[in-house]
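In what follows, a structure is listed as structure tokens, so that the remarks can point back to it.
The values are calculated or read from the model by the stated rules, or taken from the named source; none is laboratory data. Being a predicted model, the structure only gives us computed values, none of them experimental. Every residue, glycine as well, gets a Cβ built from its backbone with ideal geometry; the counts of neighbours run over all protein chains shown. Just so you know, the surface numbers come from the protein's heavy atoms only, side chains and all, with ligands and any DNA or RNA stripped out. Shrake-Rupley method; radii C 1.70, N 1.55, O 1.52, S 1.80 Å.
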Amino acid sequence: MDTLHHHPTPPPSSSSTFMAKRPCSSSSSQNPRLPSHFSQMDHLLHSFLSFPDSSPPISLDLSFDRLLDSSPSDADQSILIDRAHRLGCLLLRAANRSARKRASIHNSVAWVLPPDLTIKVFSMLDSQSLCYAAATCSMFNKCAMDPLCYANINLTTVVPKVNNAVVSTMIQRAGRSLQSLKLGIVPGPTGSPGSCQPLVYSIRNSGDVSSFSWNDKRTRQGKESSILTRSCLYPLSGDKGATGTLLRRLHLYNIERMDNASLCVALAACPSLLDLEIVGLHVELRQTLMSVSSHCRFIERLFFESSKTGRDDSLKSPTCFELVNNCPNLSSLSLRGFKLHDYKVRILVKGFRKLKYADFSTSYSITGTFLRNLGNGGGGSLLEVLILRDCMHLKEMEVARFLTAVIAGDFKFLKHLDISNREGLASEGDWYQRSYNSSLIPLQQVLEVRPDICLLAEFPSEGCFLDIDHMIDSDINSELSLPFQQSGQTSDGALVSSSLESSYNSDQGSGNEEYQDSGFVIYEESSDEVDFLVV
């Protein structure tokens, strides 16, 4: 690169006044385009950038080659090449910074909203759109860094794309303004939370995994994993637990490495939680409900879908009573895919006085006896939505009794009832004999008396194939014709639990498992490995 040298100008004489007044191309004091305070570096940079675009690029190459040839040794030439690289990078970085600065100045003038309203708009964006807006310009980036923009964090994806570092950064930016947090994998746009469609997701069985490699499920040196681990919720306990203090909504979907201990620590940091949704986590129902009853006493909505349908029978009666007593504001309860017995469900439904929404879909041991006398005041009488879809042991006789009570005037607030079953309802004598179009169920009468009710009763045609393997897995050594007694209610509203199981309980110890030490096997994953075996 050529260097400009500045030569002093001789003093003008009387005979050469015109020649002395000619502007010198190398003199900045006489160049109207350059300020007088420019340094030598400014002049060099100006001269370099003043090269015409029409000049052949080979001339710059030849100049650099001549400069290298003038160097005495190879070491000096290497130093010169490295210096050219560094200066080129510095010049590119300075150009990018100036471009962003100019864009920010332009946006601050052209953008009609003041910063406070811009932050308000950004707070309504989803997390991905907020990141796009923050990368637009410096002004938007400054507004997007406000904690209010991260009050509602939604990092749910169809395939794994989010890791612990992203979650930690988002939570730290939100600080004490965090009110809603959604994490994990939601199986496509058709799986809407709260619907009857299962939300449990396995990436091995997913069709949208073309760009995903199972090698990414293990942390590799020099490359971050895109899998959430058990520590993804640890930032909620940061700042002495202040981050999760005001959290109102926590939704977790199919985080395979989450375990009981990590979830309990996270719930302990969220005393103001109102809405908890857990889908597909390898956590135990009993321990989770114990944590909720101990730390989240203001909760109003609880949605819990098991990752292993029909296998988790860990729930005990004392846990049900504790949850009812400590969480009186619960109005929406969904326990899907668990092995629930009728007397436990009755404790929950009758105990929650404000319960309006109940969903026990795919619960494997529910026969329907908990529905008896449910609408005679107290808990259960305010039910607006009751979903018992695909409950394998649900009996047609109990459904008929319930609908008869509806016709008689009970459950006046009921608006939605789903008793659909892909395998049909269980018959009275033997639950292996399924009922597909029973005359015992007064469906037409209900629709005539209560036209405001949305009644779903979808059953397959007779002779539909049954999942025999699923039945045998839970019903080997089952006892039939177990006596049952209807639970009484004490004066203070507490339920006295006795053996409420009907003759169709599939579990041999369904009446006295509270007093047995064995029972539930905790399916818990290690922090580094996940069981990928296909049964």
With r as the distance between the Cβ atoms of VAL159 and ILE81 and R0 = 45 Å, compute the FRET efficiency 1/(1 + (r/R0)^6) and round to 0.05. 0.55
Can you give me the solvent accessible area of MET290 with a 1.4 Å probe, rounded to the nearest 10 Å²? 70 Å²
Local electrostatic count, MET290, Cβ distance below 13 Å [Lys/Arg +1, Asp/Glu -1]: +1
Which lysines have a Cα lying under 29 Å from the Cα of LYS354, excluding residues fewer than 8 positions away in the same chain? LYS182, LYS316, LYS339, LYS344, LYS395, LYS412, LYS415
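What order do you get for 321-330, 398-407, 99-108 when each peptide is scored by the mean count of other beta carbon atoms within 10 Å, highest first?
Values: 321-330: 18.2, 398-407: 20.4, 99-108: 13.4.
Result, highest mean Cβ count within 10 Å first: 398-407, 321-330, 99-108.
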Most packed first (mean Cβ within 10 Å per residue), the peptides 66-76, 446-456 order as 446-456, 66-76
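Which value, in Å², gives the accessible area per residue of segment 260-342 when a 1.4 Å probe is used on the protein heavy atoms?
Dividing the accessible area of segment 260-342 by its residue count gives 27 Å².
Can you tell me the length gained on complete extension of the stretch ASN329 to CYS131, counting 0.36 nm per residue apart and subtracting the Cα distance?
67.7 nm
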Ranked highest first by average number of other Cβ atoms within 10 Å, how do 350-360, 139-149 line up? 350-360, 139-149
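What length, rounded to one decimal in nm, is gained on full extension from ALA99 through to THR404, with 0.36 nm per residue of separation minus their alpha-carbon distance?
In short, 102.4 nm is gained.
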Could you give the length gained on full extension between ASP42 and GLU300, defined as 0.36 nm per residue of separation minus the Cα-Cα distance, in nm? 86.3 nm
Counting only the heavy atoms of the protein chains, how much of VAL109 is accessible to a 1.4 Å probe, in Å² to the nearest 10? 120 Å²
So for R0 = 41 Å, FRET eff. of LYS412-ALA268 from the Cβ-Cβ r, to 0.05, ends up at 0.55
